[in-house]
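See structure below.
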Amino acid sequence: MSFVVDKWYLDLVTAHGVVVVGYRLAVRWLAFDLQMASRLRAAPGEGTGERSTPHETSIPNPAGGHLSWSAPTLGLQADYEALDPPILCTLLDSPGGSIEWSCLMPRARASVVTAGVRHDGVGYAEHLRLTLAPWAFPFHTVRWGRHLSEQHALVWIEWDGREERRLTWLDGVPQPSARVAATGLDGLTDGRHLRWRDGHDVTRRRVWATLAAVAPSLGALLAGRLGSMQEHKQCARSSLVDPHGVPLDDGWAIHEAVTW
């Protein structure tokens, strides 16, 4: 039985650490054809506010280094201008399905209006397409993140389980020795590291419960398969540092771990 997930994800962090995230998700499986969209805002000391809807059918529109998304039912308007070229990668290709990842904008000049308030900052945009059901993944932990500054874009994906994968790009250049550490990433070229500090939660929740809130019947069906899947996303101040620990830039990292 075919399983298809099509997900668009956009984020930005303002100069004051306010995180704005928008995503659109389409799931097709069995008799279900779900489309949903969500936007959230998280700020240090304020917690997270989120709104989701199954009625938003518009999708982000990338063209010529610009990406726009108008989601009226969410009261959201996003406009992104690319600062770096895209990164395209097939993360997994198996007989059971594939995971296609398009990092359309590793770093962008971004503006998002939500709930009538405009937020400006450096942002990130990606498109993910899965034809492999999550319960068939050959891994049980995924760590993803990005560090963006006025000078650099660092993006990483790691997973562990029956299969392990470590993928990192710094300004579009692969970093084969990079590894996620407790306070950032180690093993970047030229002895550099990423260090983050003073983080705050963006989300900490069960993944299936988010679907259940919008589509109860699908959420109930997936509870047995994805009931243990947990998502923990954080935002933190971050810097690339040289081998002596001297900061080379100053930016913001969004990083998450998904486990099940």
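The figures follow:
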read-out	value
Qualifying residue in segment 88-106 (condition: open to solvent by 10 Å² or more (accessible area, probe 1.4 Å), of a type in the set (D, E, K, R) and closer than 19 Å to K7 by Cβ)	yes
Test for A178: is it more than 18 Å from W252 (Cβ to Cβ) and surrounded by fewer than 15 Cβ atoms within 10 Å (Cβ to Cβ)	no
Unique match (being in contact with a strand residue (DSSP E or B) (Cβ under 9 Å, 6 or more places away or on another chain), part of a strand (DSSP E or B) and closer than 20 Å to Q230 by Cβ) among E158, E100, E126	E158
E81 being under 19 Å from R118 (Cα atoms), modelled with pLDDT of 95 or more, assigned to a strand (DSSP E or B) and open to solvent by 60 Å² or more (accessible area, probe 1.4 Å)	yes
Criterion (within 21 Å of G123 (Cβ to Cβ) and without any contact (Cβ under 8 Å) to a residue 40 or more places away in the chain) met by exactly one of Q35, Q77	Q77
Residue satisfying all of: in segment 17-47; assigned to a loop (DSSP other than H, G, I, E, B) and among the aliphatic types (A, V, I, L, M); modelled with the lowest pLDDT among these	A31
Segment 15-69: number of residues that are more than 30 Å from S238 (Cα to Cα), among the polar types (S, T, N, Q) and out of contact with any helix residue (DSSP H, G or I) (no Cβ under 7 Å at 6 or more places or on another chain)	3
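Let's see how each residue does on (1) open to solvent by 20 Å² or more (accessible area, probe 1.4 Å); (2) under 25 Å from R24 (Cα atoms); (3) in contact (Cβ under 8 Å) with a residue 60 or more places away in the chain:
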residue: S149; (1), (2), (3): no, no, yes
residue: L154; (1), (2), (3): no, yes, yes
residue: D160; (1), (2), (3): yes, no, no
residue: L167; (1), (2), (3): yes, yes, yes
residue: D190; (1), (2), (3): yes, no, no
residue: V207; (1), (2), (3): yes, yes, no
residue: S238; (1), (2), (3): no, no, yes
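The values are calculated or read from the model by the stated rules, or taken from the named source; none is laboratory data. These figures come from a predicted structure and were not determined experimentally. Backbone-built Cβ (ideal geometry, glycine too); neighbour counts: all protein chains shown. Keep in mind that these areas ignore ligands, DNA and RNA; they rest on the heavy atoms of the full protein, side chains included. Shrake-Rupley method; radii C 1.70, N 1.55, O 1.52, S 1.80 Å.
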